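Here is the structure we will look at.
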Amino acid sequence: MPQNKILSLDNLSLQEINTDAELIPLLTPEDEEEMNNELLPADLPILPLRNMVLFPGVVIPITAGRDKSIKLLNDANAAGKVIGVVSQIDESVEEPTPADIYHIGTVAQIIKVLKMPDGNTTVILQGKKRFEIDAFTQEEPYFKATIKEVPEERPDQTDNEFKTIVESIKELAIQIIKESPNIPTEATFAIKNIESNPFLINFVSSNMNLSVVDKQGLLSINNLRDRALETLRFMNLELQKLELKNDIQSKVRFDLDQQQREYFLQQQMKTIQEELGGVSHEAEIDEMREKATAKKWDEKTATHFEKELSKLQRTNPNSPDFGIQRNYLELFLELPWNEFTKDNFDLKHAQKVLDKDHFGLEDVKKRIIEHLAVLKLRNDMKSPIICLYGPPGVGKTSIGRSIAEALGREYVRISLGGLRDEAEIRGHRKTYIGAMPGRIIQSLKKAKTANPVFVLDEIDKLSTSHTGDPSSALLEVLDPEQNNEFHDNFLEIGFDLSKVMFIATSNSLSTIQPALRDRMEIINMSGYTIEEKIEIAKKHLLPKQLKEHGLQEKDLQIGKKQLEKIVAGYTRESGVRGLEKKIAQMVRHAAKSIAMEEEYNVKVTDEDIIAVLKAPRLERDKYENNDTAGVVTGLAWTSVGGDILFIESSISKGKGTMTMTGNLGTVMKESVTIALEYIKSHNEELGIPSEVLSNYNIHIHVPEGATPKDGPSAGIAMLTSIVSSFTQKKVKKNLAMTGEITLRGKVLPVGGIKEKILAAKRANIKEIILCAENKRDIDEINPEYLKGVTFHYVETMSEVLAIAVTNQKAKNAKSLK
């Protein structure tokens, strides 16, 4: 057998053995098979053991002190080195007789005999096979007996239940080793490396903390499965005892150690502070009282602070409440009570700053200048709550910093997206462990002024949970009639927010709580026109990207024509974030060319744009001039601004049924149904024979079927498309329309007009049909945005059809009868 693995868990016993003793290998299945095939001698010397039981395959060191035992070991070591090992029934018997020992034992091989300094003999034995004493043949000078082998009943190798029991024994053994402080952790490796199932059972049984009676009982079980189950039962009991013992010890140790640790640390801290001349608790309290004299708070606040400071003075410094109270008072001293920055009322300077940082946004700039003008005249106006509403990327968040610069105020921003805990706004009560003020108070502490420009970003993305509704907590923050006494749970006293200029941003108004929306002044920030995007890219985006990529203006120049190509062919948005990414891509290409000393065009051409950005991907969104009847261009509002929408219809012979495709929502399906019913009731006026309606099926489709579509804006476009299909008259070119219809044929107004007009201009639409009531929305739009577009204001569907459907028949049209 190989001689390179150690196998005993009894580390203490092994340390008593001479260091040059051979290391005994762990049994492999092959070794065990070889051992089982060995024949036992008929007659063996018998060695009684006082307090241990030897199992087959296991190696143990024993110390012999009796003269009979020493003689037996010496004789056996000189002869065949094979002996029989049995256990005494009563370990206190000094001179056992055959009646004092168990008759079932283990045949052992003597591995090593060592003479110890104290005169005793230590021998290393390895168990071989179980045997039973048949008859004693000699009692002096030591026992000899005839023996017979005790066969072992082993389960079949395919017995999955036995394999599961063995795996449980291995896992429990490893767990017991971890829990027991007396067993070295190296024993885990020995357990894991045992390959033989019978040896694993014997090895664990031998090393368990059991009495000799229990171990002898395990050795006497002939069926290996039964022995394994009994071993598992003892192991479970052992593990439970260990866990209970460790739990009790850890609790007692923790209680004592924690108190002693805190006491010694406090004493050491006190000594260190005295040695270093540090501030004592009394000196710290005096310092807080001195700082309080410089604060600009009212009598109520001053009284509250003095009361809380006296409470801190009475609190034991070793108490956990002392730290909480000290943090509370430090926050009190750091907050800007009645500390304001002086506003800059130079309106021309403010206008210059806003124009420099943002192109367009005239309504927003006008509102800020109006606020400054009123504040300059009265000097006591409470700050209004402004909500900038619009699609992503139009500059809602960044305009807050420009407003702060124009006013000369500090700038504070917090993101409310995904906020679901009311305590984030109102703070926690300071009685809780880890309590802290809300984000409003924390931000004011950082700003060190009570009148900053405070941007509440993504206010429409607040959510609710079991921890409260943050949007409801904001009602007090954003109400000018209440926020002069804003109550934070941690602060426990009102703080004046009336001088703070709150600016909220939102992509959608539908998700804002109605009561919260009512407290804010909504300023719509719609998308930019192509011309505005070009100017923004030229004045802001390109210089910014050149600076961020380490380039200068002379290193890359993009003309207006090329910028327009990037805007029209590579971006589809109301804002300019996508445009900035494309410009950054062009700048990176130039930076790479400079770094690698490659030639490139400083003045970007159309070919350079295609080479870097690849072919334009958004050409399909442009208006399609086709000669097919039934195709109408509609206008839609999306979360990222306006967009054009193609509505197609076709007819085929059938029974007058209608089908709809294109992932349409309920409202759009209802619009189609209303349109068809209107056509059926007015077919003679529209020049559509009733036979055609009965003998032809109509199919409505809105392209991009993977994209959900819904809303009330496509009613007149649906009706126009159906009429165009039935009459086979094509719709007027470069024409788009938006509006809802009723069953009587009346055209109703819709929203999102500015965004839709911007989308129409991007698609090169020349004429737009709108409800007459939407004229008021057109009047509010900058006339520059309306150049090149003709508007038709209608009230009924007959007016829509008169404008949209020409008398010319479509190519390849057939007469329908």
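Things to note:
- Segment D321-E161, extension gain: residue separation times 0.36 nm, minus the distance between their alpha carbons: 51.8 nm
- Close amide-amide hydrogen proximity is noted between G468 and E422, each under 5 Å apart and 5 or more residues distant or on a separate chain (H modeled in the peptide plane; Pro and chain starts excluded).
- Proxy reagent accessibility, fewest Cβ within 10 Å first, across F340, F264: F264, F340
- Exposure proxy for K655, K376: other Cβ atoms within 10 Å of each Cβ, ordered fewest to most, give K655, K376.
- For K170 and R66, the difference between the fully extended length at 0.36 nm per residue and the C-alpha to C-alpha distance is 33.7 nm.
- Between the listed residues G578, Q552, L516, the Cα displaced farthest toward the positive end of the dipole of region 515-578, a dipole computed from Cβ unit charges relative to the Cα centre, is found at Q552.
- N782 paired with H682, simple spin-label distance in nm, labels 7 Å along Cα-to-beta-carbon: 3.8 nm
- Global form of region 103-152, assessed from the alpha-carbon gyration tensor, a/c cut-off 1.5: oblate
- Within straight-line reach of K178, meaning a Cα separation under 15 Å, sit the following aspartates and glutamates at least 8 residues removed in sequence or on another chain: E186, E238, E243, D247.
- Burial ranking of peptide ranges 665-677, 134-146 (average Cβ count within 10 Å, highest at the top): 665-677, 134-146
- Computed from backbone phi, the HN-Hα couplings of region 201-206 come to 4, 5, 5, 5, 4, 5 Hz, rounded to whole numbers (Karplus: 6.51 cos²θ - 1.76 cosθ + 1.60, θ = phi - 60°; Gly and Pro given as x).
- C-alpha long axis of helix 281-292 to longest principal axis of the chain, angle in °: 0 degrees
- Exposure proxy order (Cβ contacts within 10 Å, fewest to most) of M501, M596, M797: M596, M501, M797
- Pairwise FRET efficiency - S798 versus E548, Cβ, R0 = 56 Å, nearest 0.05: 0.45
- Matching the structure-derived Cα extents along the principal axes in Å against the labelled list (i) 132, 89, 62; (ii) 122, 83, 55; (iii) 146, 92, 63 gives the label (i).
- Projected label distance in nm at V213 and I369, using a 7 Å step from Cα toward the beta-carbon: 10.3 nm
- 22 Å Cα-Cα threshold exceeded, pairs from K539/K754; K669/K729; K446/K547; K291/K445; K430/K461; K554/K582: K539/K754; K669/K729; K446/K547; K430/K461
- Dipole magnitude of the chain about its Cα centre (Cβ charges: Lys, Arg +1; Asp, Glu -1), debye to nearest 20: 5180 debye
- Cα centroid of region 307-324 to Cα centroid of region 699-768, whole Å: 71 Å
- Tensor-based shape of region 492-637 (alpha-carbon gyration tensor, a/c under 1.5 rounded, otherwise prolate or oblate): oblate
- Between 0 and 90 degrees, the angle of helix 299-314 with respect to the longest Cα principal axis of the chain falls at about 10 degrees.
- For region 329-345, Karplus couplings with θ = phi - 60° (6.51, -1.76, 1.60), whole Hz, Gly/Pro x: 5, 5, 4, 4, 6, 8, 6, x, 6, 6, 10, 10, 8, 7, 6, 8, 9
- Amide H contacts of I769 (H built 1.01 Å from N, under 5 Å, at least 5 apart or other chain): A736, M737, T738, H792
- When you restrict to C-alpha pairs under 8 Å that are six or more residues apart and normalise by the size of the chain, the relative contact order lands at 7 percent.
- Residue pairs, from the table K311/K448; K352/K560; K128/K192; K112/K170; K365/K592, whose Cα atoms sit over 31 Å apart: K365/K592
- DSSP beta bridges fully contained in the chain are about 60 percent antiparallel.
- Treating r as the C-beta distance of K241 and M436 and R0 as 35 Å, the FRET efficiency rounds to 0.20.
- Put a plus charge on the Cβ of each Lys and Arg, a minus charge on the Cβ of each Asp and Glu, and nothing anywhere else: the dipole of region 96-142 about its Cα centre is then about 420 debye.
- Close amide H contacts of N223 (hydrogens built in the peptide plane, cut-off under 5 Å, sequence separation of 5 or more or a different chain): E153.
Here, each number is a calculation from the coordinates, and none is a lab measurement. Not measured: the values here are computed from a predicted model. Reconstructed Cβ throughout: ideal geometry from the backbone, glycine too, with neighbour counts over all protein chains shown.
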